[in-house]
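Structure first, commentary second.
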Amino acid sequence: TGVQTCALPISQQVRQWVVEKTGVPSARVDIPPLDSRLRVTVCAAGANFDFPFAGQSLVRVRCDSPQWQVFVQVGIKAVRNILVANRDVPAGQPLTDADLSVRQVGSGEGIEDRSAVLGRILKRPLTQGRTILATDLEDSVRVVRIKASLKAGSAIEARDFALEDVPRNSVPAGAAPGVP
């Protein structure tokens, strides 16, 4: 419970109390408009606030003098961390960790999982700050590209090849994508 003694509108008092109680930033606390027919007098001794039920979707505001009680609906907006372009990235380039930044959003489209985009190739260029969407990414395949000429029967060492992600439609016929 909490007590506040001010003449602010009820919705502002509730927002302030929820911020103090939960530590959630004020911008994430959503309070729908109260019924315009509601008339609440100033609470002389200070209003008491609490979450009367499990969860934090309803705040009870009570006053002892004059005696009244009102319930205020409260929503706390969820935050998602989505990936955005950290810089301008041209089409055809595989995305690297250096190309990615995170932005917090309350809603909307966007990819959250870094591993789902690393190494994926862009269908179109991305400008700095643009949200990365699944439709921006080619369907790619990881392939082994031999970097040097090899003799038949010789051992292949790590320096002889590189792993690359290429668009699925550019994998040559007869290649075996997905073979370790």
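Scanning the stretch 29-48 for residues that are in contact with a strand residue (DSSP E or B) (Cβ under 8 Å, 6 or more places away or on another chain), within 15 Å of residue 73 (Cβ to Cβ) and at pLDDT 85 or above returns 29, 30, 31, 32, 34.
Exactly one residue out of 107, 65 is more than 30 Å from residue 173 (Cβ to Cβ), of a type outside the set (Lys, Arg) and open to solvent by 80 Å² or more (accessible area, probe 1.4 Å): that is 107. Of all residues in the stretch 118-128, those being open to solvent by 40 Å² or more (accessible area, probe 1.4 Å) and modelled with pLDDT under 90 number 3.
Sort through 84, 89 and tell me the only one that's touching a helix residue (DSSP H, G or I) at 6+ places or on another chain (Cβ under 6 Å), over 24 Å from residue 19 (Cβ atoms) and open to solvent by less than 50 Å² (accessible area, probe 1.4 Å).
Values: 84 fails: touching a helix residue (DSSP H, G or I) at 6+ places or on another chain (Cβ under 6 Å).
The unique qualifying residue is 89.
May I ask you to list the residues in the stretch 129-148 that are at pLDDT below 85, of a type outside the set (Val, Ile, Thr) and either open to solvent by 70 Å² or more (accessible area, probe 1.4 Å) or under 18 Å from residue 170 (Cα atoms) (or both)?
Of all residues in the stretch 129-148, those at pLDDT below 85 come to 138-148.
Narrowing the set further to residues that are of a type outside the set (Val, Ile, Thr) leaves 138-140, 142, 145, 147-148.
138, 139, 140, 142, 145, 147, listed by residue number.
Selection of the stretch 159-180 for residues being at pLDDT 75 or above, surrounded by 12 or more Cβ atoms within 10 Å (Cβ to Cβ) and under 8 Å from residue 142 (Cβ atoms) yields only 164. Please state which one of 108, 119 is at positive phi, of a type outside the set (Val, Ile, Thr) and under 17 Å from the mean Cα position of the chain (by Cα). Criteria check complete, one pass: 108. Assess whether residue 36 counts as being without any contact (Cβ under 8 Å) to a residue 40 or more places away in the chain, closer than 20 Å to residue 69 by Cα, over 24 Å from the mean Cα position of the chain (by Cα) and open to solvent by 30 Å² or more (accessible area, probe 1.4 Å). Against the criterion (without any contact (Cβ under 8 Å) to a residue 40 or more places away in the chain, closer than 20 Å to residue 69 by Cα, over 24 Å from the mean Cα position of the chain (by Cα) and open to solvent by 30 Å² or more (accessible area, probe 1.4 Å)), residue 36 qualifies. Against the numbered list (1) in contact with a Ser or Thr (Cβ under 9 Å, 6 or more places away or on another chain); (2) within 30 Å of residue 114 (Cβ to Cβ); (3) among the small types (Gly, Ala, Ser); (4) loosely packed, with under 15 Cβ neighbours inside 10 Å, residue 45 comes up short only at (2).
The values are calculated or read from the model by the stated rules, or taken from the named source; none is laboratory data. Everything quoted here is computed from the prediction, not taken from an experiment. Neighbour counts run over all protein chains shown; Cβ positions are idealised from the backbone, glycine included. Please note that ligands, DNA and RNA were not included when accessible areas were found on the heavy atoms of the full protein model with its side chains. Shrake-Rupley method; radii C 1.70, N 1.55, O 1.52, S 1.80 Å.
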